[in-house]
Amino acid sequence: MENATNAAVKVYSYRRFSSGRQASGHSLQRQTESARRWCLEKGYELDESLALADLGVSAYSGDNASRGALAGFLRAAETGRIPTGSILLVESLDRLSRAAIPEAVGLLTAIVRAGVRVISLIDGHEWNEKTIEDSTSFLLSVLLFSRAHEESSTKARRVSEQFQKKRTSGMAVVSSGHGPGWASPKADRSGWELDTSKAEVVVRVFEHAAAGQGGISIARTANQEGWPLPWRVRKNTASRWEHTGVSRLLRDRRTLGEWQPKRMVAGQLTNDGDPVTDYFPRVISDELWFRVQAALGVRTGPLRTHGVRSDVFSGLFFCECGERMDRKAPAGRGYPRYYCLGRKNGASKCPGVSEAVLLGPVLSMIAQHNQSTFNPDKSIELAREELAANEARLADIEVRATRLLDAMEETGHSPLLLGRLKALEKERSDTESAIARIRGPLEAAPLLGAEFGKELAKAAATVVADKTNVKGRHKLAQALHQVVSRIIWHGKFFMVQMRNGDSYGVNPGPLWLERAKNSNAGKARNPV
């Protein structure tokens, strides 16, 4: 009779290990066999239809209760999918949680309150709605959780101390976990070996980005041409190229050989000190890195068409109400139009405006007043690219300097930090000198005539209309972002604010502001 009753009770086994070393050993097998043996002895049947194994998830950080299989089990119990009276087997209570005592006790209580009995296989102790109220049982759980948390905390502290000792003494700290996909630890763990085939792919991605291709376009090309993935492929990693992976790669400073140490603070990974230079094999030169960062600085808007930037004014164009102007593609052959986000959300009635106006009198005025920025001469173009790269370098230096100053406020003026700050100040001075050197010839370039702005605007309209002209669209967007801070639409006229502090108005007139029914009609009607 008892066996018949037991057979009706659902029994689940929770198995967990938190390291790759345990995965290659017998931890999972031992926990599974213990649960099956307990069920056989007690006359229960182990329900293995529900996968309850947090493989490689730490109970010390509480991840198993927040994002692992245990979190799913608790939700199922609370919603009634796990029948009341069911049993959850754990090898020992510390498998359930090694988090701090309040969180661990709270987790155990939540499971029991959901109607599930928790049984520890190592000593047979059971926690249920009755025993959880018993002071002796409660204190036992507190003591077990306390011991487990202290063990994990001590282990984490010792590992961290050894790690910090190696860093301080200048010894190599090599772990495949923090290495990039294009490098692997040497056999003696003294450094890193470069995977040249993957490194070549990394360079290829950066070169495509520097030429103006977006992440979607690069991913499509990589998939079509069969480029190998340069990052580490894990269980949750896509097996094909995707634009998110490209985006992360283009911002990954490990390509420069840098490594940013991190440590756990309140369960979150945070930066631990300054980046370590020349740690990984360098793949990308400074020059290419900053060219790409300058290009990424231009690509701030979300709108893209088939992987090509669809809005060269993205991040620059705003309504007088303060909202961003959003580009909407035409339903037929007409020009795209811009509408402020307030109108799109029903919060305002601000008028829209055709893209043809921006590519006409507005761009014409900007180009006429900044001829050196839009000059098509090859030498001038190369100088502009060099200027953009150095400006990106200067922005990066400012970020690093701010980080160093923050560290000095926290730890005091150590000789090491002062030395780094002094080197950074020299780097900033050299970069500022390079920017001034490049700007001189650009500003001294001869003017190209009174019709230059109009001619450039005509050419730009052709470039924007051709969605295959990736490089041309990128160059136009980059030139605009170099000189323009903001373009504000006031319903009938525009105010253009320049990065040098100047500003001027552009009144296109009623003919330009009439909505073009299609591109051919627009070209015939709009004055030039």
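Restricting the search to the range 225-235, which residues are modelled with pLDDT of 90 or more, open to solvent by 20 Å² or more (accessible area, probe 1.4 Å) and not small (G, A, S)? Talk me through it step by step, then tell me what you get.
Residues of the range 225-235 that are modelled with pLDDT of 90 or more, as a first pass: 225-230.
Add one more test, that the residue is open to solvent by 20 Å² or more (accessible area, probe 1.4 Å), and what stays is 225-226, 228-229.
Hits for the range 225-235 are E225, P228, L229.
Out of the residues in the range 398-437 that are outside any helix (DSSP H, G or I) and on the phi < 0 side of the Ramachandran plot, state the one that is most open to solvent (accessible area, probe 1.4 Å).
The selected residue is H413.
Could you say whether any residue in the range 103-120 is open to solvent by less than 30 Å² (accessible area, probe 1.4 Å), closer than 23 Å to R37 by Cβ, at pLDDT below 75 and in a helix (DSSP H, G or I)?
no
Hey, does the range 388-397 have a residue that's in contact (Cβ under 8 Å) with a residue 40 or more places away in the chain, over 17 Å from P336 (Cα atoms), more than 27 Å from the chain's Cα centre (by Cα) and surrounded by 17 or more Cβ atoms within 10 Å (Cβ to Cβ)?
no
Show the residue pairs meeting these rules: Cβ distance below 8 Å; 6+ apart or different chains; first residue within the range 277-295 and without any contact (Cβ under 8 Å) to a residue 40 or more places away in the chain; second residue buried (at least 23 other Cβ atoms within 10 Å of the Cβ).
Close Cβ pairs (under 8 Å, with a partner that is buried (at least 23 other Cβ atoms within 10 Å of the Cβ)) amount to R282/T255.
Which ones in the range 77-102 are modelled with pLDDT of 80 or more and assigned to a helix (DSSP H, G or I)?
Selection gives A77, E78.
Starting from the range 216-234, take each residue that is without any contact (Cβ under 8 Å) to a residue 60 or more places away in the chain and aromatic (F, W, Y) and list its partners that are assigned to a helix (DSSP H, G or I) and surrounded by 18 or more Cβ atoms within 10 Å (Cβ to Cβ), counting only C-beta distances under 7 angstrom and pairs at least six apart or across chains.
W227/V201; W231/G245; W231/L249
What pairs come out if I take residues in the range 449-470 that are outside any helix (DSSP H, G or I) and pair them with residues that are open to solvent by less than 50 Å² (accessible area, probe 1.4 Å) and of a type in the set (G, A, S) whose C-beta lies under 9 Å away, six or more apart or interchain?
Listed by first residue and then by second, the contacts come to D466/G472; K467/S310.
Could you list, in sequence order, the residues of the range 123-161 that are modelled with pLDDT of 75 or more and among the aliphatic types (A, V, I, L, M)?
Hit for the range 123-161 is I132, nothing else.
Give me the residue from the range 342-356 that is part of a loop (DSSP other than H, G, I, E, B) and at pLDDT below 85 and, out of that set, least open to solvent (accessible area, probe 1.4 Å).
Going through the range 342-356, the residues part of a loop (DSSP other than H, G, I, E, B) turn out to be 345-352.
With at pLDDT below 85 added as a condition, the list becomes 345-348.
Values: N345: 124, G346: 67, A347: 88, S348: 34 Å².
Across the range 342-356, the extreme among qualifying residues is S348.
Give the residues of the range 470-490 that are open to solvent by 20 Å² or more (accessible area, probe 1.4 Å) and over 17 Å from E381 (Cα atoms), sorted by residue number.
S485, R486, I488, H490
Where in the range 236-341 are there strands (runs of 3 or more DSSP E), lying fully within it, with 2 or more residues that are open to solvent by less than 10 Å² (accessible area, probe 1.4 Å) and at pLDDT 70 or above?
Result: 317-319, 337-340.
The values are calculated or read from the model by the stated rules, or taken from the named source; none is laboratory data. This is a predicted model, so every value here is computed, not measured. A quick note on method: Cβ atoms are made from the backbone with ideal geometry, for glycine too, and the neighbour counts reach across all protein chains shown. Each accessible area value is taken on the protein alone, full model and side chains, heavy atoms only, with ligands, DNA and RNA left out. Shrake-Rupley method; radii C 1.70, N 1.55, O 1.52, S 1.80 Å.
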